[in-house]
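The values are calculated or read from the model by the stated rules, or taken from the named source; none is laboratory data. None of these values were measured; they are calculated from a predicted model. In this analysis, Cβ positions are derived from the backbone assuming ideal geometry, glycine residues included, and neighbour counts consider all displayed protein chains.
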Amino acid sequence: MSSHTFIPFRRHLENGGAKGVLRDRVEYVGGANPGDGEYVVYWAQSSRRLRSNIALDYAISRANAEGLPVVVYESLRPDYSSANDRIHSFVLEGVVANHHDALKRGLRYLFYLPRTRDEARGALGRIASRARLVVTDEFPTFSLREQTRSFASTSPCPVFTVDGNGILPMRVFGKEQYGATQLRDRAFRLFADRWDEPPELMPKYGPFESELDVPNYNGANPRANAASCAIDHSVMAVPSIGGRDEALRRLDRFVREKLCGYAGHRSREADHTSELSPYLHFGFLSVHEVARRALFSSAPEEDIDAFLEQLIIRRELSFNLCFYREDHASLDCLPDWAKKTLAEHADDRRQPLYSWDALERAATEDEVWNLAQRGLLRLGTIHNYLRMLWGKKVIEWSRTTDEAHAFMLAMHDKYAIDGRDPNTHAGVLWCFGKHDRPWRERPIFGKVRYLASESTKRKIDLEAYARRIDTLTF
Ligand SMILES: Cc1cc2nc3c(=O)[nH]c(=O)nc-3n(C[C@H](O)[C@H](O)[C@H](O)COP(=O)(O)OP(=O)(O)OC[C@H]3O[C@@H](n4cnc5c(N)ncnc54)[C@H](O)[C@@H]3O)c2cc1C
């Protein structure tokens, strides 16, 4: 256990935090020289919220300086791989709250919901053609990075990205950090100079009232609207609701009811963690506001520290990995010892071997694993502790490590509402030795850490988890 504690940062934040939340966060990515422009666009891609949002604050500060209003543009394309009812519903459930927050902050907010690939084409370009500049979120993985670069390469106005992902900007580390210890030591040296909070600036001009050349979706009937899009309808919506209002309710409930005891219960009980990962992934909440709520709660200090270790250190380690390693979606980014040991055991006998189909349907002979997979199919997330076993078993039951890795990412893409995240890549790679150390050598895994279903069974209340999955109503 680390000797670092977050508790002293209460005083730091009470005293106003560090100054200059934007340092090392803003980057120009392309686009034509600025023309006149009627407004500044904030294109919300990964931070789907209008509060506690550093990128939006940057857009407002630029607009205020230029004497212009801000137009917030949010959209959800139907044509990326794995677009399905589950993800569409979860995102669309956040639209009403954003309309409300826009009204409160004096911002024009437009959510565009294209039903088909053809409808999706060109909408942002039309909005940008009347803009002085576009500000958007920097997110180090999935298609967002490519989507931003591609738009910027032909944008009629300059495009800037803002990294609002973590308490620390990703660039502050300068290079890949090889594990939690290294990142934690540096992070604790940097917090005093860097931990600042989004100022929630108010726009001085606007809201922009004129018509925009893109239809607006007002947030009504999200699930029916998802059903009307040309996406994969075989992956159903999950029982939990998406959006900022629900995210704030969950945060509040977690801090009041479960943060106390988090350090001891995190790995065991089915629902003792925050279950905020889908809400953080879609940016319905910022890490800054979650950290603040935990830090100023009345929970015991050891619980606050244990939670912030996950929320800040582990999460920012994942962002660091994806930011500095373009190859984060492959096993090439494993440490040398892990690559070597897995290669040495590549020809070890694997028994049983399961097809993708059997794994996907949760039809193995291992009831613990099946339960984890059923959780993913039905809830859209895997139990916090079972995630590790889930990944390790796939390695054991696949013909090759590459096949196991591809299966895990494909399952997250298709079913996980917190998938396609830096944490997805880091979590999956951890199963192959990333951010870990060598352990005792054994078949298939070599020196990569092994987990057995039997020991997992003893650690968590599987019956409670099974009841939870099986009594879900949709
Ligand atoms: C095989 C495997 C796959 C994973 N896939 C994902 C994924 O798709 N999406 C995802 O967000 N996390 C993933 N994780 C990391 C971690 O298991 C989840 O973040 C955590 O279980 C989410 O539950 P929670 O929100 O209740 O966590 P809490 O314990 O309440 O933690 C709060 C937040 O801290 C962050 N966090 C917690 N644990 C970790 C961790 N080990 N690494 C990085 N950040 C962490 C998350 O943002 C989380 O929401 C994966 C881990 C493994 C081993």
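At-a-glance table
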| item | result |
| --- | --- |
| Residue selected from the range 57-99 under the condition hydrophobic (A, V, I, L, M, F, W, C) and free of Cβ contacts under 8 Å to residues at least 60 places away in the same chain, by the criterion farthest from Phe142 (Cα to Cα) | Ala65 |
| Where a residue in the range 413-436 is not assigned by TED's automatic domain parsing to the domain that holds Gly242 and of a type in the set (Ser, Thr, Tyr) and its partner, wherever it lies, is at pLDDT 95 or above and more than 6 Å from the ligand (Cβ to nearest atom), with Cβ under 8 Å and at least six apart | Tyr415/Arg86; Tyr415/Val235; Tyr415/Leu376; Tyr415/Leu377; Tyr415/Gly380; Thr424/Leu409 |
| Candidates Glu454, Glu365, Glu396 - the one that is in a loop (DSSP other than H, G, I, E, B), of a type outside the set (Gly, Ala, Ser) and over 24 Å from Ser143 (Cα atoms) | Glu365 |
| Pick from the range 402-412, criterion more than 6 Å from the ligand (Cβ to nearest atom) and closer than 19 Å to Arg325 by Cβ, ranking: nearest to the chain's Cα centre (by Cα) | Leu409 |
| Hits in the range 182-206 (condition: of a type in the set (Phe, Trp, Tyr) and over 17 Å from Val21 (Cα atoms)) | Tyr205 |
| Boolean, Arg399 is surrounded by fewer than 23 Cβ atoms within 10 Å (Cβ to Cβ), of a type in the set (Lys, Arg) and more than 10 Å from the ligand (Cβ to nearest atom) | yes |
| Ala372 being more than 10 Å from the ligand (Cβ to nearest atom), free of Cβ contacts under 8 Å to residues at least 24 places away in the same chain and either touching a helix residue (DSSP H, G or I) at 6+ places or on another chain (Cβ under 8 Å) or in a helix (DSSP H, G or I) (or both) | no |
| Qualifying residue in the range 112-132 (condition: buried (at least 23 other Cβ atoms within 10 Å of the Cβ) and of a type in the set (Phe, Trp, Tyr)) | no |
| Criterion: in contact with a helix residue (DSSP H, G or I) (Cβ under 8 Å, 6 or more places away or on another chain), more than 24 Å from Leu280 (Cβ to Cβ), assigned to a strand (DSSP E or B) and modelled with pLDDT of 95 or more - qualifying residue of Leu124, Leu133 | Leu133 |
| Residue pairs meeting the criteria (Cβ under 7 Å; at least 6 apart or on separate chains; first at positive phi, in the range 229-240; second buried (at least 17 other Cβ atoms within 10 Å of the Cβ) and assigned to a loop (DSSP other than H, G, I, E, B)) | none |
| Out of Leu144, Leu190, Leu183, sole residue that is part of a helix (DSSP H, G or I), modelled with pLDDT under 95, assigned by TED's automatic domain parsing to the domain that holds Ala83 and not basic (Lys, Arg) | Leu144 |
| Filter result (part of a helix (DSSP H, G or I) and either among the small types (Gly, Ala, Ser) or surrounded by fewer than 17 Cβ atoms within 10 Å (Cβ to Cβ) (or both)) within the range 224-244 | Ala224, Ala226, Ala227 |
| Members of the range 262-302 found to be assigned to a helix (DSSP H, G or I), over 23 Å from Ala97 (Cβ atoms) and more than 11 Å from the ligand (Cβ to nearest atom), listed by number | Gly264, Leu295, Glu301, Glu302 |
| Residue that is nearest to the chain's Cα centre (by Cα), among those in the range 92-125 that are β-branched (Val, Ile, Thr) and more than 30 Å from Ala32 (Cβ to Cβ) | Val95 |
| Residue match in the range 420-432 (condition: in a loop (DSSP other than H, G, I, E, B), within 21 Å of Ser240 (Cα to Cα) and either in contact with a Lys or Arg (Cβ under 9 Å, 6 or more places away or on another chain) or near the ligand (Cβ under 10 Å from one of its atoms) (or both)) | yes |
| Any chance Asp461 is within 16 Å of the ligand (Cβ to nearest atom), closer than 21 Å to Leu379 by Cβ and acidic (Asp, Glu) | yes |
